[in-house]
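Below is one structure, written out as C-alpha coordinates; the observations come after it.
The values are calculated or read from the model by the stated rules, or taken from the named source; none is laboratory data. Note that this is a predicted model, so its numbers are computed, not measured. Don't worry about glycine lacking a Cβ; one is built from the backbone with ideal geometry, like all the others, and counts go over all protein chains shown. Just the protein is used for accessible areas: all its heavy atoms, side chains included, with ligands, DNA and RNA removed. Shrake-Rupley method; radii C 1.70, N 1.55, O 1.52, S 1.80 Å.
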Amino acid sequence: QVQLVESGGGLVEPGGSQSLSCVVSGSIFRSYVMAWYRQAPGKQRELVARITSGGSTNYADSVRGRFTISRDNAKNTVYLQMNSLKPEDTAVYYCKASLGARYYWGQGTRVTVSS
(Lines give C-alpha, C1' and ligand atoms only; values in the text may rest on other atoms or scores of the structure.)
Protein backbone atom coordinates (compact mmCIF):
# COMPACT_ATOMS: atom_id res chain seq x y z
CA GLN A 1 0.00 0.00 0.00
CA VAL A 2 1.39 3.34 -1.04
CA GLN A 3 1.24 5.99 1.65
CA LEU A 4 1.62 9.73 1.25
CA VAL A 5 2.25 11.93 4.27
CA GLU A 6 2.04 15.70 3.95
CA SER A 7 3.49 18.19 6.39
CA GLY A 8 4.19 21.90 6.66
CA GLY A 9 0.76 23.42 6.92
CA GLY A 10 -0.20 26.08 9.41
CA LEU A 11 -1.14 29.71 9.87
CA VAL A 12 0.71 32.33 7.85
CA GLU A 13 0.14 36.04 7.33
CA PRO A 14 -0.74 37.47 3.93
CA GLY A 15 2.39 38.04 1.90
CA GLY A 16 4.23 35.35 3.79
CA SER A 17 5.72 32.05 2.69
CA GLN A 18 5.11 28.43 3.56
CA SER A 19 6.68 25.19 2.40
CA LEU A 20 4.83 21.89 2.17
CA SER A 21 6.37 18.44 1.94
CA CYS A 22 4.95 15.09 0.94
CA VAL A 23 6.82 11.86 1.59
CA VAL A 24 5.78 8.81 -0.44
CA SER A 25 6.38 5.23 0.64
CA GLY A 26 7.69 2.61 -1.75
CA SER A 27 10.54 2.24 -4.18
CA ILE A 28 9.10 3.63 -7.40
CA PHE A 29 8.67 7.25 -6.38
CA ARG A 30 10.77 8.46 -9.31
CA SER A 31 8.20 7.01 -11.71
CA TYR A 32 5.22 8.86 -10.28
CA VAL A 33 3.70 12.02 -11.58
CA MET A 34 3.32 14.07 -8.42
CA ALA A 35 0.84 16.85 -7.84
CA TRP A 36 -0.49 19.20 -5.23
CA TYR A 37 -4.21 19.91 -5.06
CA ARG A 38 -6.17 22.08 -2.68
CA GLN A 39 -9.72 22.32 -1.46
CA ALA A 40 -11.08 25.47 0.09
CA PRO A 41 -14.23 25.40 2.24
CA GLY A 42 -17.30 24.98 0.08
CA LYS A 43 -15.28 24.54 -3.10
CA GLN A 44 -14.17 21.66 -5.25
CA ARG A 45 -10.69 20.24 -5.07
CA GLU A 46 -8.46 21.90 -7.66
CA LEU A 47 -5.05 21.23 -9.14
CA VAL A 48 -2.37 23.60 -7.87
CA ALA A 49 0.83 22.25 -9.41
CA ARG A 50 2.12 19.12 -11.07
CA ILE A 51 5.55 17.66 -11.77
CA THR A 52 6.29 14.72 -14.03
CA SER A 53 8.85 12.00 -13.50
CA GLY A 54 11.10 13.91 -15.87
CA GLY A 55 10.75 17.15 -13.93
CA SER A 56 8.37 19.06 -16.18
CA THR A 57 6.03 21.30 -14.24
CA ASN A 58 2.75 23.08 -14.73
CA TYR A 59 0.75 25.37 -12.47
CA ALA A 60 -2.72 26.73 -11.98
CA ASP A 61 -3.00 30.29 -13.25
CA SER A 62 -3.86 31.46 -9.75
CA VAL A 63 -0.48 30.37 -8.32
CA ARG A 64 1.90 30.66 -11.26
CA GLY A 65 4.85 32.85 -10.34
CA ARG A 66 4.19 32.47 -6.61
CA PHE A 67 4.35 28.70 -6.02
CA THR A 68 7.09 26.25 -6.98
CA ILE A 69 6.78 22.48 -7.07
CA SER A 70 9.90 20.33 -6.89
CA ARG A 71 10.87 16.77 -6.13
CA ASP A 72 13.78 14.92 -4.56
CA ASN A 73 13.74 11.34 -5.80
CA ALA A 74 16.45 10.31 -3.33
CA LYS A 75 14.14 11.29 -0.47
CA ASN A 76 10.84 10.15 -2.04
CA THR A 77 9.60 13.66 -1.41
CA VAL A 78 7.74 16.33 -3.35
CA TYR A 79 7.68 19.94 -2.17
CA LEU A 80 5.50 22.97 -2.68
CA GLN A 81 7.12 26.31 -1.94
CA MET A 82 4.45 28.96 -1.57
CA ASN A 83 5.38 32.64 -1.62
CA SER A 84 3.35 35.85 -1.56
CA LEU A 85 0.47 34.00 0.02
CA LYS A 86 -3.02 35.45 -0.18
CA PRO A 87 -6.11 34.80 1.95
CA GLU A 88 -7.64 33.00 -1.04
CA ASP A 89 -4.83 30.42 -0.81
CA THR A 90 -6.43 29.17 2.40
CA ALA A 91 -7.31 25.51 1.90
CA VAL A 92 -6.45 21.95 2.74
CA TYR A 93 -3.57 20.95 0.49
CA TYR A 94 -3.36 17.37 -0.75
CA CYS A 95 -0.52 15.47 -2.34
CA LYS A 96 -1.29 13.01 -5.15
CA ALA A 97 0.88 10.35 -6.75
CA SER A 98 -0.11 8.93 -10.14
CA LEU A 99 1.22 6.13 -12.27
CA GLY A 100 -0.88 5.11 -15.22
CA ALA A 101 -4.41 4.43 -14.01
CA ARG A 102 -3.35 4.18 -10.40
CA TYR A 103 -3.32 7.13 -8.04
CA TYR A 104 -2.93 7.74 -4.35
CA TRP A 105 -3.79 10.64 -2.08
CA GLY A 106 -2.36 11.95 1.13
CA GLN A 107 -4.48 12.94 4.10
CA GLY A 108 -4.03 16.67 3.51
CA THR A 109 -2.47 19.52 5.43
CA ARG A 110 -4.29 22.76 6.22
CA VAL A 111 -2.89 26.12 5.23
CA THR A 112 -4.56 29.24 6.61
CA VAL A 113 -3.56 32.65 5.32
CA SER A 114 -4.82 35.30 7.70
CA SER A 115 -3.67 38.28 9.69
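Does Leu80 satisfy the criteria of being touching a residue at least 24 places away in the same chain (Cβ under 8 Å) and not in a loop (DSSP other than H, G, I, E, B)? Can you show your working first?
Numbers: touching a residue at least 24 places away in the same chain (Cβ under 8 Å): yes; not in a loop (DSSP other than H, G, I, E, B): yes.
The answer is yes for Leu80.
Among the residues making up region 50-93, those that are among the hydrophobic types (A, V, I, L, M, F, W, C), in contact with a strand residue (DSSP E or B) (Cβ under 8 Å, 6 or more places away or on another chain) and more than 15 Å from Ser17 (Cβ to Cβ) are Ile51, Ala60, Val78, Ala91, Val92.
Scanning region 63-78 for residues that are open to solvent by 60 Å² or more (accessible area, probe 1.4 Å) and over 22 Å from Arg102 (Cβ atoms) returns Arg64, Gly65, Thr68, Ala74. Summed over region 1-59, residues that are in a strand (DSSP E or B), farther than 22 Å from Leu99 by Cα and open to solvent by 70 Å² or more (accessible area, probe 1.4 Å) total 1. Does Ser70 satisfy the condition of being at negative phi, free of Cβ contacts under 8 Å to residues at least 60 places away in the same chain, assigned to a strand (DSSP E or B) and within 13 Å of the chain's Cα centre (by Cα)? Spelling it out, Ser70 is indeed at negative phi, free of Cβ contacts under 8 Å to residues at least 60 places away in the same chain, assigned to a strand (DSSP E or B) and within 13 Å of the chain's Cα centre (by Cα).
In region 10-37, of all residues being at pLDDT 95 or above and in contact with a helix residue (DSSP H, G or I) (Cβ under 8 Å, 6 or more places away or on another chain), the one that is farthest from Arg64 (Cα to Cα) corresponds to Val23.
Taking Ile28, is it more than 20 Å from Arg110 (Cβ to Cβ), among the hydrophobic types (A, V, I, L, M, F, W, C) and free of Cβ contacts under 8 Å to residues at least 40 places away in the same chain? No: the conditions fail for Ile28.
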